[in-house]
Amino acid sequence: MYQYFYELTGSVIISTLITAVFPLVNVLLVALLGVYLERKVSAWMQDRVGPNRAGPFGLFQTVADFIKMLQKEDATALDIDKKLYNIAPVLVFAGSFAVYAVIPFSSKLIGSEIEVGLFYALAVSSFVVAGILMAGWSSNNKYSLLGAMRSAAQIVSYEIPTALVVLAMVMFLGTLSLSKISEMQTAYFWNWNILGGAEFGLVKFLLIPFMVVGFVIIFISTLAEVNRTPFDIPEAESELVAGYFTEYCGMKWAMFMLSEYGNMFAVSAIVSILFFGGYQSPFGYLGNTLGIEWLIPYEQAFWFILKGWFFIFVQMWLRWTLPRLRVDQLMTVCWKYLIPYAFVNLIIIGIITLL
Amino acid sequence: MKEYLKNTWLGIYTVLVGMKITFKHLFTPAVTIQYPEVKLKLPERERNRLYVNIDDCIGCDQCSRACPVSCIDIETVKSIPGEDLGTTSNGKKKAFWVTNFTIDFAKCCYCQLCVFPCPTECIYMTDVFEFSTYERNDLVYQFSNLTKEEAEQKKINFANFQAEKEKQKAAAATAPKTENPSQPNTN
């Protein structure tokens, strides 16, 4: 990305700034529009109207909320562990934001084109657990502690099926680089990994059902990793007030919300890169047909963001459809169902790849 | 093993059924009535703010007496001969100046008991139900159409009339006493 903007602007400062600021702007936009969309989607699904007072169609509702949050007093309880309490929200947000460093928004818009992008993303996103545990422990509150413990148990368990599916995909693709994975599924939707990858042949058709299974597993487990309903037991509103961020208020609380929505987009991005062609357009590029070379990266960014938003929508859709799982049900789903299926899937994809 | 596969299938299938239902509702028009802009039709026998058509009021005080919370406050002054107050719309002759007619809606319990005793049907329920104010005193509604000066004037008029009558009575009482003491005073 830096190289691209350096060639475009010819200035080191401007290109560095754009490279650094673009993902942050994306996260903020995802949080702002995500909260708005969440409210609207939930309202529509419950035959309500949703926010419609602030601005056209209530679009400025989240902006107003944000301004309100900025003005809030930073009230803290007496017996908290001050240091950990203050670091925790930053750590959680840093963990979810660091993933954006390797996410390729298009063939040009990628923060860092490292070879182990997928591994890095998985590693850094589990950073969030540490932040959540710190928040829960330092708050000196039973609800917070319970939420943090649940969260740790949940995220650690659900990282296994995620890792197994990612492993299967890495075996099939032979690379860990996210931009290379995206490039391999080029141009049309029948080249996407969910439809067996780019190579045409018997293997492609044999792979389709197992790819679908892999997609379902990774979608469910990433959903659990970002603590969204039906896997939101760490912050279970009706049981634990707000879970691990019960004691937080104002901007520190906003950091947790920001990281939640940032995480949602990040996992959507990972899922769409692994199975749905990443930034590739499903119908070829307008830039190619019209012969305008410079248009292609922007088109790619458009498709990538569209796919990300689509999966965010599916996450919301699930949230407003399903009730919360009990703790034992949550563990059953992970250890008894997802992990065995992921293992079988891993073996079968491995065998088919060898063919 | 069979149970296991069945559970898996059931899990996925039921989730999909639920998602289908919520997806349908995504396109169902909202049932919300956006209140300040759109208002529901009120029920047939709704009870809201009272209104008094003071032109028809004969000052009989029956509504005030019917009121269980004493929120209606009426003060009347008899008219003196020569003053014509006119008639109500159903032909009753008015004999009182209604110098004060207040209803305190902070106290009113909207029971409608004051509406029925009214002989001229001048107190009735309107369809206004949004009249919240910042000051409690603003909820005391004055229905008398006389100004304060006019009301004072009427009181003075009546007092003067009464005093004159008393004087006449006294004069009449003292005058015949000397002439005809055996007869009782029939006045």
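The values are calculated or read from the model by the stated rules, or taken from the named source; none is laboratory data. Predicted model, so just to flag it, every value in this text is computed and none were measured. Don't worry about glycine lacking a Cβ; one is built from the backbone with ideal geometry, like all the others, and counts go over all protein chains shown.
Counting just the residues of segment A:100-125 that are farther than 20 Å from residue A:22 by Cα and crowded, with 16+ Cβ neighbours inside 10 Å, which one comes out farthest from the chain's Cα centre (by Cα)? Before the answer, list the steps.
Quick first cut of segment A:100-125, residues farther than 20 Å from residue A:22 by Cα only: A:115-116, A:118-119, A:122-123.
If we keep only those that are crowded, with 16+ Cβ neighbours inside 10 Å too, we end up with A:118-119, A:122.
On the way: A:118: 13, A:119: 15, A:122: 11 Å.
The qualifying residue farthest from the chain's Cα centre (by Cα) is A:119.
Which of the residues spanning segment A:6-27 are out of contact with any helix residue (DSSP H, G or I) (no Cβ under 6 Å at 6 or more places or on another chain), of a type in the set (A, V, I, L, M) and under 19 Å from residue A:93 (Cα atoms)?
A:20, A:21, A:24, A:25
Check segment A:4-19 and report whether any residue there is of a type in the set (S, T, N, Q), free of Cβ contacts under 8 Å to residues at least 12 places away in the same chain and either assigned to a helix (DSSP H, G or I) or within 14 Å of another protein chain (Cβ to nearest Cβ) (or both). Within segment A:4-19 (the criterion being of a type in the set (S, T, N, Q), free of Cβ contacts under 8 Å to residues at least 12 places away in the same chain and either assigned to a helix (DSSP H, G or I) or within 14 Å of another protein chain (Cβ to nearest Cβ) (or both)), the answer is yes, since at least one residue qualifies.
Given the criterion part of a helix (DSSP H, G or I) and out of contact with any Cys (no Cβ under 6 Å at 6 or more places or on another chain), identify the matching residue among A:229, A:186, A:222, A:175.
Details: A:229 fails: part of a helix (DSSP H, G or I); A:186 fails: part of a helix (DSSP H, G or I); A:175 fails: part of a helix (DSSP H, G or I).
Step by step, each of A:229, A:186, A:222, A:175 is checked, and only A:222 is part of a helix (DSSP H, G or I) and out of contact with any Cys (no Cβ under 6 Å at 6 or more places or on another chain).
Here residue A:70 meets each of (1) at pLDDT 85 or above; (2) hydrophobic (A, V, I, L, M, F, W, C); (3) part of a loop (DSSP other than H, G, I, E, B) with one exception, condition (3). Residue A:53 passes every criterion in (1) under 30 Å from residue A:281 (Cα atoms); (2) within 14 Å of another protein chain (Cβ to nearest Cβ) apart from (1). Within segment A:237-260, is even one residue in contact (Cβ under 8 Å) with a residue 60 or more places away in the chain, closer than 30 Å to residue A:349 by Cβ and surrounded by fewer than 23 Cβ atoms within 10 Å (Cβ to Cβ)? Taking every residue of segment A:237-260 in turn, none turns out to be in contact (Cβ under 8 Å) with a residue 60 or more places away in the chain, closer than 30 Å to residue A:349 by Cβ and surrounded by fewer than 23 Cβ atoms within 10 Å (Cβ to Cβ). Among the residues of segment B:1-35, the one identified as β-branched (Val, Ile, Thr), outside any helix (DSSP H, G or I) and more than 9 Å from every other protein chain (Cβ to nearest Cβ) is B:33.
In the set A:81, A:65, A:47, only one residue is among the acidic types (Asp, Glu) and within 14 Å of chain B (Cβ to nearest Cβ); that residue is A:47.
Mind listing just one residue for me: the one in segment A:327-336 that is in contact (Cβ under 8 Å) with a residue 40 or more places away in the chain and either more than 10 Å from chain B (Cβ to nearest Cβ) or of a type in the set (Gly, Ala, Ser) (or both) and, of those, nearest to residue A:235 (Cα to Cα)? If you could, list the steps in order and put the result at the bottom.
Pass one, segment A:327-336, residues in contact (Cβ under 8 Å) with a residue 40 or more places away in the chain: A:327, A:330-331, A:333-335.
Now restrict to residues that are either more than 10 Å from chain B (Cβ to nearest Cβ) or of a type in the set (Gly, Ala, Ser) (or both): A:327, A:330-331, A:334-335.
On the way: A:327: 12, A:330: 14, A:331: 16, A:334: 19, A:335: 21 Å.
Looking at residues that are in contact (Cβ under 8 Å) with a residue 40 or more places away in the chain and either more than 10 Å from chain B (Cβ to nearest Cβ) or of a type in the set (Gly, Ala, Ser) (or both), I get A:327.
The residues in segment B:130-151 that are over 17 Å from residue B:71 (Cα atoms) and surrounded by 13 or more Cβ atoms within 10 Å (Cβ to Cβ) can be counted, and the count is 3.
Got a sec? Which of A:37, A:28, A:32 is in contact (Cβ under 8 Å) with a residue 24 or more places away in the chain and either within 14 Å of chain B (Cβ to nearest Cβ) or outside any helix (DSSP H, G or I) (or both)?
Working: A:28 fails: either within 14 Å of chain B (Cβ to nearest Cβ) or outside any helix (DSSP H, G or I) (or both); A:32 fails: either within 14 Å of chain B (Cβ to nearest Cβ) or outside any helix (DSSP H, G or I) (or both).
Of the residues listed, the single one that is in contact (Cβ under 8 Å) with a residue 24 or more places away in the chain and either within 14 Å of chain B (Cβ to nearest Cβ) or outside any helix (DSSP H, G or I) (or both) is A:37.
Quick one: residue B:87 ticks every box in (1) more than 30 Å from residue B:162 (Cβ to Cβ); (2) surrounded by fewer than 17 Cβ atoms within 10 Å (Cβ to Cβ); (3) away from chain A (no Cβ under 14 Å) bar one, so which box is it? Condition (1) is where residue B:87 drops out. In segment B:39-53 there is at least one residue that is within 30 Å of residue B:159 (Cα to Cα), among the hydrophobic types (A, V, I, L, M, F, W, C) and either assigned to a loop (DSSP other than H, G, I, E, B) or more than 11 Å from every other protein chain (Cβ to nearest Cβ) (or both). Each residue in segment A:28-64 was checked for being farther than 30 Å from residue B:18 by Cα and in contact with a Leu (Cβ under 9 Å, 6 or more places away or on another chain), and 2 of them qualify.
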